[in-house]
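What follows is a single structure, written as structure tokens, with notes after it.
The values are calculated or read from the model by the stated rules, or taken from the named source; none is laboratory data. What you see is a predicted model, and the numbers here were worked out from it, not measured in a lab. Counting neighbours? That spans all protein chains shown, and the Cβs are built from the backbone with ideal geometry, glycine included. Heads up: the accessible areas ignore ligands, DNA and RNA and are worked out on the full protein's heavy atoms, side chains in. Shrake-Rupley method; radii C 1.70, N 1.55, O 1.52, S 1.80 Å.
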Amino acid sequence: MRPRNLKTRLSCCLAAVAITTLATAQVYTTTPQWQSADMQVSTGAALVDINRDGWLDLVVSNGNDISLQRVVVYYNNGSGALQASPGWQSANTAYHGHLDVADVNGDGWPDVAVGILLAQGGPSARLYLNNNGTLNSTAVWSAPISADSFGVAFGDMNGDGRPDLAVASGKAYDNVPQTNAVYANVGGSLSATPTWQTPTTRNFGNCLWIDADRDGKLDLAYAGSRTDSFVFRNIGTTLEGTPTWRTNDSRTQFGLMFAYGDVSGDGFAELILADNNQIGPGSGRFRQYAGLNTGFFNASAVWTYSDGYTSAVTLGDIDRDGRLDLITGEWFGRARYFRNLGTGTGFGATPTWTSAGNTTTVEKLVLGDVNNSARKMYVQRFTSNTRRLLQLPKQPIETVVAIKADGVDLTPAQYTWNRELGWVSLGVDAATVDVAYIYSRSLDLAVSNWDDNRPNQLYMNQLASPCAADFNEDGTADFFDYLDLVAVFSEGSLAADVNLDGVVDFFDYLDFVAVFSSGC
């Protein structure tokens with residue numbers, strides 16, 4: 001979708017010294033540290049370890065509504081740098097919209113689904129399976145419906161622990177509403193026909209699976225164009241026909257993307273929308289809808305920022321103060337960072353950081369630790385659990401390493417999870433669940449660029465890497481960190497996997513002692 005009228009993980013710090021405040025430090029420079037050599041009409045993007053070598057790769061879908069192009073992967077070279085040119089590309093070409101990533105067939109490797117914006121009688125979405133680190137060159141599944149689909153999203157609609165695929169469709173420019181559908185995952189394959197559809201055709205720019213009513217089931221949010229935005233509530237194993245929640249403050253908006261997370265710190269997640277003003281009377285604002293203690297959100301925004309051709313939003317704690325910050329992007333403009341003020345309202349009236357002027361037509365913003373400067377293993381225990389949907393305390397996450405349900409290891413086919421939002425959906429019931437996952441305290445920013453005269457970009461986080469010996473993350477590297485490591489090491493918990501090799505052994509202890517002894 002485009003404007004119509006315009007063509008080492010172990011870094012050093014001082015032991016036993018409190019880490020200084022990062023609130024005023026510059027997180028990103030105004031110009032990127034990496035740019036792709038190729039310049040395409042890039043749209044969807046994800047930072048994900050495609051080949052599972054422990055380094056994040058960049059997956060990008062190209063084409064939009066401009067040109068028939070391919071899905072590509074810029075592999076990480078294993079030292080924290082992305083390839084300048086793609087190391088993999090799809091054989092299929094299409095007018096690709098946005099993409100999403102999940103392990104569809106349960107083999108432990110991340111697969112890629114992508115929407116197709118100008119289907120022209122062809123499929124509205126395709127799926128590329130991952131063969132031991134390399135995506136299939138041709139799609140293994142195509143949506144049976146021909147529709148103009150800008151966005152796709154994986155989520156577990158029926159609670160079986162497998163990712164189902166939602167597709168957001170509609171010709172917003174021409175005001176031609178279309179069918180929006182969900183395709184269930186059946187035994188590791190997406191269904192040949194829709195499992196659920198919107199009862200009426202709509203123009204939806206994108207979609208996102210969230211637990212809006214906090215009942216332990218994933219609901220589906222659609223960003224509306226020439227209509228409100230909606231949330232369809234999950235009623236057990238499917239979605240309702242009439243949406244429970246809708247916006248009412250920009251009735252003919254041009255909604256392109258959602259972000260979701262608790263930015264107010266009250267325990268109730270907010271929904272943030274990019275509402276572009278290129279068609280209709282769209283507001284041209286980023287709009288934040290406050291989460292309510294009764295579930296769902298205010299129908300009118302409690303915070304907005306005017307930026308015209310607003311296009312992309314994402315959330316992450318980029319300054320390491322424990323609060324979710326907002327990254328935004330616009331067409332033919334800039335990326336911005338709004339620091340979370342920690343006042344209970346979220347963000348201020350002006351951005352903390354802005355990229356260099358008018359150099360980017362932002363389509364997607366993704367956060368991740370590309371150079372592995374601050375990755376760490378975490379284990380989150382859920383007890384007296386009555387839900388299959390679990391919300392991790394951090395987002396975005398890099399990967400889920402392992403899950404134990406009542407002490408039994410689950411296979412990758414028994415759960416699915418979301419990188420940007422940090423939820424995990426299980427296919428089994430359990431009273432106690434342990435989720436081991438990797439999260440980084442140093443988030444770099446990748447930007448996909450629609451303008452085929454300009455490259456995709458990567459902004460590296462400029463904050464000094466947190467002290468690797470600060471195991472308990474209290475801001476000080478001291479003897480308590482050693483005691484905490486020994487405690488989880490004695491339990492055999494993956495939280496003691498200091499070197500992130502997937503096992504807890506004496507090498508983890510030695511690595512911790514080495515960095516601690518070196519003064520970090």
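For the stretch 239-256, which residues satisfy the criterion of being open to solvent by 30 Å² or more (accessible area, probe 1.4 Å) and outside any loop (DSSP other than H, G, I, E, B)?
Residue satisfying the conditions is 246 alone.
Taking residue 454, is it open to solvent by 20 Å² or more (accessible area, probe 1.4 Å), outside any strand (DSSP E or B), under 25 Å from residue 488 (Cβ atoms) and not acidic (Asp, Glu)?
So residue 454 fails the test.
Could you list all residues from the stretch 416-434 that are touching a Lys or Arg at 6+ places or on another chain (Cβ under 8 Å) and buried (at least 20 other Cβ atoms within 10 Å of the Cβ)?
416, 422, 425, 426, 433, 434
So which residues in the stretch 352-367 are closer than 13 Å to residue 30 by Cα and assigned to a loop (DSSP other than H, G, I, E, B), if there are any at all?
Answer for the stretch 352-367, where residues must be closer than 13 Å to residue 30 by Cα and assigned to a loop (DSSP other than H, G, I, E, B): 352, 355, 356, 357, 358, 359.
Could you check the stretch 352-378 and list, in sequence order, the residues that are modelled with pLDDT of 95 or more and over 20 Å from the mean Cα position of the chain (by Cα)?
Passing the criteria: 352, 353, 354, 355.
Which of the residues that make up the stretch 465-520 are under 17 Å from residue 373 (Cα atoms), acidic (Asp, Glu) and assigned to a loop (DSSP other than H, G, I, E, B)?
470, 473, 497, 501
For the stretch 379-414, which positions are among the hydroxyl-bearing types (Ser, Thr, Tyr) and either at pLDDT 95 or above or open to solvent by less than 50 Å² (accessible area, probe 1.4 Å) (or both)?
Residues satisfying the conditions are 383, 399, 411.
With a cut-off of at least 2 residues that are open to solvent by less than 20 Å² (accessible area, probe 1.4 Å), modelled with pLDDT of 95 or more and not hydroxyl-bearing (Ser, Thr, Tyr), name the strands (runs of 3 or more DSSP E) lying wholly within the stretch 257-351.
270-275, 285-289, 310-316, 325-330, 335-338
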